[in-house]
Amino acid sequence: MSKIFDAIFLDRDGTISHDPYGYINSLPDYNFFDYTFEALEILNKYTDKFVIVTNQSGLASGKIDLENLEEINSFIYQEFDKRDLPLKKIYFAENYDESYQSMRKPGIGMFAKAKEEFDIDLSKSLMIGDSVVDMQVGDRLGMKTIFLLTGMGKDYLDEVKSKCKANLISNNLLEAAKDIVLI
Ligand SMILES: [Mg+2]
């Protein structure tokens, strides 16, 4: 099967892992959904580059310590690695600025960096997330987008439907992976 997406960009909290408090500041509190890797194995048929793009504004507010975030990042890299899933990089934003160039979604900063570092064609890439900002940044960059109803998804559904293109709306990442042929 051809790799139809140059890269698949994944939000973190509420997309590949639970989002219990709106922020996570310790590895024991970080839990993938039980279907996440089954979903990623399917998605890997459609791309050979995964990139995680996560707003971690808790860094700016002091709710998240950089050291703890880096411990969680190491764990995520290991879990992808174990399964030979090509995770290129985890990008995180640490500010509140959502202007166009900002690192914080819907700013395009993290995507611009990934494009440059890994020679990614964003117009041939896919963004998957559970927040309106995930869909907005995807629209800004001409990416395909999938909106998930996990995490904060249900709260954002009306806003996403009225403001964003969202090529597909799925109950969760596994359903999205199985339905990806529809987009
Ligand atoms: Mg999220």
Exercise. Among (1) in a loop (DSSP other than H, G, I, E, B); (2) out of contact with any Ser or Thr (no Cβ under 7 Å at 6 or more places or on another chain); (3) not polar (S, T, N, Q), where does K3 come up short?
Worked result: (2)
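For residues in region 106-135 being more than 21 Å from A176 (Cα to Cα) and outside any helix (DSSP H, G or I), which is farthest from the ligand (Cβ to nearest atom)? Full working, then the answer.
To start, the set of residues in region 106-135 that are more than 21 Å from A176 (Cα to Cα) comprises 106-121.
Still in the list and also outside any helix (DSSP H, G or I): 106-108, 119-121.
Working: P106: 13, G107: 15, I108: 17, D119: 26, I120: 21, D121: 24 Å.
Restricting to residues being more than 21 Å from A176 (Cα to Cα) and outside any helix (DSSP H, G or I), the top hit is D119.
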For this session: Would you check which residues across region 67-122 are of a type in the set (G, A, S) and touching a residue at least 24 places away in the same chain (Cβ under 8 Å) and list them?
Result: A93, G107, A114
Problem set entry | Close pairs from region 136-147: first in contact (Cβ under 8 Å) with a residue 12 or more places away in the chain, partner of a type in the set (D, E), Cβ under 8 Å, at least 6 apart | T145/D134; T145/D139; F147/D130; F147/D134
Exercise. Inside region 161-183, can you point out the residues that are in contact with a helix residue (DSSP H, G or I) (Cβ under 6 Å, 6 or more places away or on another chain) and within 16 Å of the ligand (Cβ to nearest atom)?
Worked result: C164, A166, S170, L173
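Under the condition of being of a type in the set (S, T, N, Q) and closer than 16 Å to N172 by Cα, which residue from region 136-160 is farthest from the ligand (Cβ to nearest atom)? It would help to see each step written out before you state the result.
Step one: list which residues in region 136-160 are of a type in the set (S, T, N, Q), which gives 136, 145, 150.
Narrowing the set further to residues that are closer than 16 Å to N172 by Cα leaves 145, 150.
Details: T145: 13, T150: 9 Å.
So the residue we want is T145.
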Problem set entry | Filtered residues of region 148-183 (kept if among the charged types (D, E, K, R), part of a helix (DSSP H, G or I) and free of Cβ contacts under 8 Å to residues at least 40 places away in the same chain) | K154, D155, D158, E159, K161, K163, E175, D179
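Looking at F32, F92, F9, F75, which is the one that is surrounded by fewer than 19 Cβ atoms within 10 Å (Cβ to Cβ), within 15 Å of the ligand (Cβ to nearest atom), of a type in the set (F, W, Y) and under 17 Å from the mean Cα position of the chain (by Cα)?
Values: F92 fails: surrounded by fewer than 19 Cβ atoms within 10 Å (Cβ to Cβ); F9 fails: surrounded by fewer than 19 Cβ atoms within 10 Å (Cβ to Cβ); F75 fails: within 15 Å of the ligand (Cβ to nearest atom).
Among F32, F92, F9, F75, only F32 is surrounded by fewer than 19 Cβ atoms within 10 Å (Cβ to Cβ), within 15 Å of the ligand (Cβ to nearest atom), of a type in the set (F, W, Y) and under 17 Å from the mean Cα position of the chain (by Cα).
Read-outs: derived from the displayed coordinates by stated rules, not from any lab. Since the model is a prediction, treat every value here as computed from it, not as a measurement. Here Cβ is always computed from backbone atoms with ideal geometry, including for glycine, and neighbour counts include all displayed protein chains.
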